[in-house]
Amino acid sequence: MGELRRSFHEELDEIQAGIVRMAALVTEAVPRATESLLESNLELAQQIISADDQLNDLSMLLEERCHHVLALQAPMAGDLRALSTALRLNAELERSGDLAVNIAKATRRIYGTHYDATLRGLLARMSEEACRLVRLSIDAYVDRNAGLAAALGDIDDQLDNLNRECAQAVFQAHSTGAIDLQAAVQICLISRYYERIGDHAVNIGERVVYMVTGWLPEYTGSARLQIREHSNPGGPDEG
Amino acid sequence: MIAGLVALAVAAGLAVVGAVAWQRHRHFAGVAEDRRRNDEWHRRHEGEVVESETRLRLSLDAAKQGVVVADASGAVLYRNPCARPFAEARHGEALVEAVVAELLAEAARGQAVEREVELYGPPRRILFVSARPLRRDGRDYGAVALIDDITESQRLDAMRRDFISNISHELRTPMGALSLLAETLAGETDPEVASRLACRVQVEAIRLSGILDDLLELSRIESSDASERSVVDVRNVVADALSRVGPAAEEKRISIEASLPVLDLRVRADRRQLASAVFNLLDNAVKYSEADHQVRVAAARRGGCVEVEVSDRGYGIPLRHQKRIFERFYQVDRSRERTRGGVGLGLAIVRHVAANHGGEVKVESTVGEGSSFTLVLPAGNEPLADEGDEPELPETGQPRGQQPVGATA
């Protein structure tokens, strides 16, 4: 049994290393996507699009590995939470990688558009902020730091604000005729992609809180629903 | 009688037993001695092996490159301190560890492999990972991977390449224009057109000579160590630079606010070099600001240093360019540079002047908000050698903001 558990924990460590590697691929893809965008570098954009295959491959292997461990070792309590968390993190990171690819694809769509320094500055800052959030979420995961994980939602406010600022700047640039409608829409979408990467990092944080404390973020909403249904069985939802 | 015989037999028997026992004892003593010697030899030998391994380990620990040793199956046996951060990494560096593991596995199968890994960080790094099998006399001892940080050497390579291509390009553009203009001029009969062409020839010639002046200035500053030092009042240097940059600022309707407090702002410096540095900072601030904006220059004394800060509300410099802007000919946005007439030598001059005087130049910049450059020089407290006490401020026609009244805003 001791031998079995030891190899089981080694498996868990390797799964964690896989998650860390996936996050590293994301935090490396995002600044590359930003560079391809700000410098209209189509070659780099293509590299990012191709490199996503590596992330997808890693994600698939990791998922299979998690299922394998779940099926063969029947883990319990904290170990089970660690595995289900790894499965969720895997999906969040894979999606974040796709968003970096979306930015690279948008680079191709707006190729040749010149936009002003304010917009460029905002996009660069959003890129840095999104990467910072992913890094913090992984720090929380590796350190089992529920406090940091829970704070990610508030840290993300800055990125949300930048997203709003970016939308304002796009309206401004479009109204003065500095960029056309196609570019305006694409830049708003790009800004949204960065903001979504931040949201995925916040989701990672929530799952880390669950892994460490066993508390699901959806619990509050679910409890509310039950109270409502209990006090008003069969009646319409009064919100 | 019988008793005598018995006693004799017993005595003989005892003697035989004694002799045998003695011989046995001798034999065993010999064996024990051999064993003791053997053990001692082993102990000594083992000690030597341990000592030798410790020595090798310490040598690898001291290496500036990362070293990872694996057994024949690719499992890691040893990692030196330089390689350890990659194994414990949680962010970009974790990818290096994955590459190391992959290459070690390949090398353990008998193939020497290498790969370059670029990390966007921050900080941005380029690492070169190579792995080779460890084999001797047909026996397999596993594999070793080496991790080299080649960021700096790649940067220097790129700098050298850029320098050659930039200098050729910068000189070729006005030269091409000159030869074209001269050709047209030769066939021109209309004196009015000829005179216009001659003016263009002059403009290009001035541009060319400006580039050559900058190059000469840079090469002079790079090769000298500012040995012709005297005590210089920074306020005078700033005032001179303001008067030189005045016309360009006026053209773009840029106002320069100068804050030169009445403090001891003397430094021991090569006056000409210092003037060149301050002028280049101001010239850049004007060049990279949009029309009608403001540029600030402030001198202050902080601790044992005198600082000259030049800030603008211009285009700003993206973070990834900030480390490279002090390289010769480095330009953040080449496409826009042409229209501003910069060749990318100004900040290289500033950096060299700062280095020559034991100081430094710092940059803070946000894209879309502006940049601020601070030239920090050690203060010199000896009496003024070639300066009057009061700085002569230029009459540039620009609003000069606070005159020397001790304000620093």
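All of the numbers you see were taken from the coordinates with simple rules; none came from a lab. Treat the numbers as computed from the prediction; the structure is a model and nothing was measured. Cβ atoms come from the backbone with ideal geometry, glycine included; neighbour counts cover every protein chain shown.
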Okay, helix-only estimate at 222 nm for chain A: each DSSP H run of n ≥ 4 adds -39500 (n - 2.57), divide by all residues, round to 500 deg cm²/dmol; what do you get? -30500 deg cm²/dmol
When Cβ neighbours within 10 Å are restricted to other protein chains, what is their mean count per residue of peptide B:34-44? 0
Can you give the mean number of other chain Cβ atoms that lie within 10 Å of the Cβ atoms in peptide A:20-30? 5
What percent does the relative contact order of chain A come to when contacts are Cα pairs within less than 8 Å and at least six residues apart? 24 percent
Assertion target for B:TRP41, A:TRP215, ordered by fewest C-beta neighbours within 10 angstrom first, is B:TRP41, A:TRP215
Can you pull the one-decimal nm distance between simple spin-label points at A:ASP53 and A:ARG164, each 7 Å off the Cα toward Cβ? 4.3 nm
Ordered by packing density, taken as the mean number of other Cβ atoms within 10 Å over each peptide's residues, highest first, how do B:269-282, A:79-92 rank? B:269-282, A:79-92
Take B:GLU102, A:GLU206, B:GLU183 and order them by how many other Cβ atoms sit within 10 Å, fewest up front. B:GLU183, B:GLU102, A:GLU206
Förster radius 56 Å - calculated FRET efficiency between B:GLU51 and B:LEU171, Cβ distance, rounded to 0.05: 0.35
Protection proxy ranking, peptides A:185-194, B:124-133, B:50-59, B:354-363, average beta carbon neighbours within 10 Å, highest first: A:185-194, B:124-133, B:354-363, B:50-59
If you only keep lysine pairs separated by 8 or more in sequence, or across chains, how many in the protein assembly as shown come under 27 Å at the Cα atoms? 6
Residue separation between B:LEU185 and B:GLU257 times 0.36 nm, minus their alpha-carbon distance, gives in nm 21.4 nm
What does the extension gain come out to for B:ALA12 and B:ARG302, with contour length at 0.36 nm per residue minus their alpha carbon separation? 93.5 nm
Relative contact order of chain B: what whole-number percent is it, with Cα pairs under 8 angstrom and at least 6 residues apart? 13 percent
Neighbourhood charge, 12 Å Cβ-Cβ cut-off, centred on B:GLY142 and excluding it, Lys, Arg +1 and Asp, Glu -1: +3
Shielding by partners, peptide B:87-93 (average Cβ within 10 angstrom, other chains): 6
Likely footprinting exposure, A:MET126, B:MET175, fewest C-beta neighbours within 10 Å first: B:MET175, A:MET126
With -39,500 (n - 2.57) per DSSP H segment of 4 or more residues and division by the full residue count of chain B, the 222 nm estimate, nearest 500 deg cm²/dmol, is -17500 deg cm²/dmol
Potential lengthening between B:ARG115 and B:ALA3 on full extension [0.36 nm per residue; Cα-Cα distance subtracted]: 30.4 nm
Would any residue of segment A:111-150 have its amide N under 15 Å from a label point 7 Å out along Cα→Cβ of B:GLU88? List them or say none. A:142-143
